[in-house]
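Visitor: Following this message is one structure expressed as structure tokens.
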Amino acid sequence: MLPFVLVSLFLSSALAVPVSVTQYSINEVAPARLDGRPVSGAIINNVLEYAVDGGDTNIYILTLEQILSDVANLADIKSQALAVSQTLALLGELASGVPGDACEAAALVNVYADSVRTGNKSQLRSAVNRYLGRLASNIDLIVRLVNNPDSVRYAVGSRGNCSGGGRRYQFEAAWDAILNNSNPYQIGLLNEEYCALRRLYSAFNNRSNNVGAAVSAASVVPVTRAVELALGPLSSFLRAVASGANPANLAASAKQALIKAGGSVPL
């Protein structure tokens, strides 16, 4: 038997074969092909490519973007609704040049966590509807981002009036409930999301904090159920963005379906 050191040297030499790397401009890479499902990883990837400048995103947001694509590729409709909900939340936080706050998101996360712990849902529907209104506003932001990026490049994100800008909330309690309500298809990816969002939640910059809050709020059960009810118009809107078309004519129906779902979704 060869000594361990010799075996290690042999493997190191074998793995040290020169590798040729060819760099391409992003404009030379064809967009991912769309398929026939309501949403898919290809759609999410294309939406993010057309709408987001990746130069301003950190490693945890980039990790989150990849996970969203993987969630969208899951076959069940609940996972696809989750991917749409989280994508709308993420794009809304990345659209404006100057981050706003996370007041609606944090308020919903806190109310949801309290409702799970106490069983009292008296404030849950109003909190859900306020957050769905924020997602509807994000749809308008996405339209502006696609059609006239300069109109949001120097814009300030939505600002509310809440303590600390809504960047401290019941993160762990909410994610315990989100993970407890996940299905077997989602659980692995949602655990990865939890890890990335936990770093964004505790980061020292506002944009990261806002992304953590927004995507967490977009993941709570009442919101994903509402998005599932409105999935047809919402996925049509994202398909238009993903294909490079003007999504403005689909924005109104997507927003209307989302707000309507908030009034009827079971809590």
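Visitor: Suppose each label sits 7 Å from its Cα in the direction of the beta carbon; what would the Asp70-Ser264 distance come out to in nanometres?
Guide: 3.5 nm
Visitor: Given just the C-alpha atoms of the chain, how large is their convex hull per residue in cubic angstrom?
Guide: Residue-normalised Cα hull volume stands at 175 Å³.
Visitor: Once fully extended, how much extra length lies between Asp176 and Ser126, figured as 0.36 nm per residue of separation less the alpha-carbon to alpha-carbon distance? Show your work: numbers first, answer last.
Guide: On the way: separation 50, 0.36 × 50 = 18.00 nm, distance 2.21 nm.
Length difference between fully extended and current span is 15.8 nm.
Visitor: Suppose only helical runs count, i.e. DSSP H with n ≥ 4. What mean residue ellipticity at 222 nm does that imply for the chain under -39500 (n - 2.57) per run, divided by all residues and rounded to the nearest 500 deg cm²/dmol?
Guide: -21000 deg cm²/dmol
Visitor: Which cysteines in the chain lack any other cysteine whose Cβ sits under 4.7 Å from their own Cβ?
Guide: Taking the Cβ cut-off of 4.7 Å, the unpaired cysteines of the chain are Cys195.
Visitor: Here's another thing I want to ask about it. Tell me, in nm to one decimal, what length is gained between Arg153 and Val98 on full extension, where the rule is 0.36 nm per residue of separation less the Cα-Cα distance?
Guide: Fully extending the segment from Arg153 to Val98 adds 19.0 nm.
Visitor: Of all trypsin sites (Lys or Arg not before Pro) in the range 163-244, which ones are in loop regions per DSSP and have a Cβ with at most 16 other Cβ atoms within 10 Å?
Guide: Filter output for the range 163-244: Arg168.
Visitor: For the pair Ile59 and Arg199, how long in nm is the line joining their label points, each one 7 Å along Cα→Cβ?
Guide: In this crude spin-label approximation the distance works out to 0.5 nm.
Visitor: Subtract the Cα-Cα distance of Ser137 and Ala245 from 0.36 nm times their separation in residues, and report this length gain in nm to one decimal. Mind dumping the intermediate values first?
Guide: Details: separation 108, 0.36 × 108 = 38.88 nm, distance 1.95 nm.
Once the chain is fully extended between Ser137 and Ala245, it gains 36.9 nm.
Visitor: So if a site counts as exposed when it's one of the chymotrypsin sites (Phe, Trp or Tyr not before Pro), its DSSP state isn't H, G, I, E or B, and it has at most 13 other Cβ atoms within 10 Å, what's the longest stretch of the chain without one?
Guide: The reported range is 25-153.
Visitor: Strictly greater than 18 Å: what percent of every Cα pair in the range 194-260 meets that?
Guide: 53 percent
Visitor: Would you mind giving the average projected area, over all directions, of the Cα convex hull of the range 110-267 in nm² with one decimal?
Guide: 10.1 nm²
Visitor: Now a separate question. What accessible area per residue, rounded to a whole number of Å², is obtained for the chain using a probe radius of 1.4 Å?
Guide: About 49 Å² of surface per residue is accessible.
Visitor: Between Gln256 and Ser163, what is the spin-label point distance in nm, taking each point 7 Å from the Cα along the Cα→C-beta axis?
Guide: 4.1 nm
The values are calculated or read from the model by the stated rules, or taken from the named source; none is laboratory data. Only a predicted model underlies this, so the values are computations on that prediction, with no experimental measurement involved. All Cβ positions, glycine included, derive from the backbone under ideal geometry; neighbour counts span all protein chains shown. What goes into the accessible areas is simple: the full protein's heavy atoms, side chains included, and nothing from ligands, DNA or RNA. Shrake-Rupley method; radii C 1.70, N 1.55, O 1.52, S 1.80 Å.
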